[in-house]
Amino acid sequence: MINLEVPRKFAQLVDQAHQAAAEFFRPNSRKYDQAEHTYPKELDMLAALLDGLSAAGGGAGAGGVRRGGTEKKADGNRNGSNLQLLLGTIEMCWGDVGLLLSMPRQGLGNAAIASVANDEQLKRYEGKWAAMAITEPDTGSDSGAIRTTAVRDGDYYVLNGEKIFVTSGERADCVVVWATLDRSLGKAAIKSFVVDRDTPGFELVRLEHKLGIRASDTAHFRLDNVRVHKDNLLGSPEINTEQGFAGVMQTFDNTRPLVAAMAIGVARASLEETRRLLEEAGVDIDYDRPAFTQSAAAATYLQLEADWEAAYLLALEAAWMADNRKPNSLQASMAKAKAGRSGSDITLRCVELAGSVGYGEGTLLEKWARDSKILDIFEGTQQIQQLIVARRLLGKSSSELK
Ligand SMILES: Cc1cc2nc3c(=O)[nH]c(=O)nc-3n(C[C@H](O)[C@H](O)[C@H](O)COP(=O)(O)OP(=O)(O)OC[C@H]3O[C@@H](n4cnc5c(N)ncnc54)[C@H](O)[C@@H]3O)c2cc1C
């Protein structure tokens, strides 16, 4: 049975992540929101600290996802690295989600490598910062329809295509690029390749200007005859039409709970700040009285908190299942859908509750409302998560329920 208490062994990590968020992220939040595309140099010191923590068995970023089961305990409940990362990510995003996404060596590409790479590749890419490139000008939600091609040429693959909206694409050491070995064979032919940023033909076209997470760079690439060694293909080069998309989709089972954690962290920041402002304004929030007997502001606040709690519990469940090697695609999508939507709703309602104070730049409430929207879009939109949940519950395939 799932145990909802935060395991005692993670208390120190949660505390450290919170401290880092309070001391490194919060003070730089507004600065890098305004200085879009400027690398937050303060992160280098924090990244070095986190590397030290990781070496000692800790660490708190998106890139440190591990397949469940590295812990020694053979049976019973296992609270492992997925739950640990989830809790760390919540704390860090309480500080600033854009800055967390800018942390060296903590990219979504690192999560992909951790999920599908073989042992030799895991070792080779250790310490590298990896971004993730799936989206193309003609393909977003329908990632199975990507057009970037990979053609075998001796010991190399030659990649051609275009990739857009690549988080940390400019700053990362390498990018995990999804490409198809043979479009006629459908999703099963899609493989991921690690492409070093300085590979000839891998051209940065531009960086995007955005509504939120402006501290994080978002890159557009063109791949023009990019040659990557065959050993850079993650997982198996075989095209297994039985397995279909399963290989690459495994990544999402690990990363979606983390994106949910990001939304949960930002939403908690908004709730805390709003509560402070409400109390300052003399609004009393009473947990011993029904919401409908309290002021409209207090009742709204209680409702938002309940929504937050539901998202939090779903995310814990998804990470716990990954740690215990239980298939968690359904729970990962449920957590992402709930937290993505709640994150956006809560942060925007907090702006509303704080009125003009919430809308101005005197607090971070307006920024958090902007930052949270992306968490309901990337790694699969709200609608796509709902589609996945529906397919799982109804036992339908992707061709039966589109
Ligand atoms: C800031 C930012 C960072 C990003 N980072 C990355 C990254 O690092 N790597 C990467 O590969 N991509 C990244 N993305 C891309 C992101 O994952 C896509 O934007 C997302 O998957 C949606 O794709 P799309 O924008 O093409 O929208 P579309 O797929 O065109 O969807 C448009 C709308 O239609 C809805 N929709 C689509 N299909 C269905 C359906 N079958 N049923 C119901 N509704 C549907 C969608 O939910 C959405 O509301 C990033 C995007 C942004 C904005």
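Computed from the coordinates by the stated procedures, all read-outs in this text should not be read as laboratory data. Please read all numbers here as calculations on a predicted model, not as lab measurements. Reconstructed Cβ throughout: ideal geometry from the backbone, glycine too, with neighbour counts over all protein chains shown.
The table for this structure:
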read-out	value
Expected 222 nm ellipticity per residue - DSSP helices of 4 or more, -39500 (n - 2.57), all of the chain, to 500	-15000 deg cm²/dmol
Potential extension, Asp44-Leu122 segment - 0.36 nm per residue separation minus Cα distance	25.8 nm
Gyration tensor over alpha-carbon atoms, segment 182-241, equivalent ellipsoid semi-axes in Å	28, 16, 11
Mean shadow area of segment 246-394, taken as a quarter of the surface of its Cα convex hull (nm²)	9.9 nm²
Mean separation of Cα contacts under 8 Å, 6 or more apart, over the residue count of the chain: relative contact order %	17 percent
R0 of 25 Å, Cβ-Cβ distance Tyr359-Ala299: FRET efficiency to nearest 0.05	0.70
Relative exposure of Arg78, Arg183, judged by other C-beta atoms within 10 Å (fewest first)	Arg183, Arg78
Dipole moment magnitude, nearest 20 debye, segment 266-345 about Cα centre, only Lys, Arg, Asp, Glu C-beta charged	540 debye
Dipole moment magnitude, nearest 20 debye, the chain about Cα centre, only Lys, Arg, Asp, Glu C-beta charged	840 debye
Modelled FRET efficiency - R0 25 Å, Arg8 with Lys326, Cβ distances, 0.05 increments	0.65
For the chain, with +1 on Lys and Arg beta carbons and -1 on Asp and Glu, the positive-most of Leu393, Ala299, Val357 along the dipole	Leu393
Sequence-distant residues sharing a close amide H with Tyr156 (under 5 Å, placed H)	Lys230
Contour excess over end-to-end distance, with Cα ends at Arg147 and Gln19 and 0.36 nm allotted per residue	41.7 nm
Largest to smallest principal axis extent of the C-alpha atoms in the chain, angstrom	72, 46, 43
Positive-end extreme of charge dipole, segment 129-234 - chosen from His220, Thr148, Pro137 (charges on Cβ)	Pro137
Exceeding the 21 Å Cα-Cα cut-off - candidates Lys128/Lys230; Lys210/Lys373; Lys336/Lys402; Lys41/Lys128; Lys123/Lys336	Lys123/Lys336
Net charge dipole size for segment 246-394 [Lys, Arg +1 and Asp, Glu -1 on Cβ; Debye, nearest 20]	780 debye
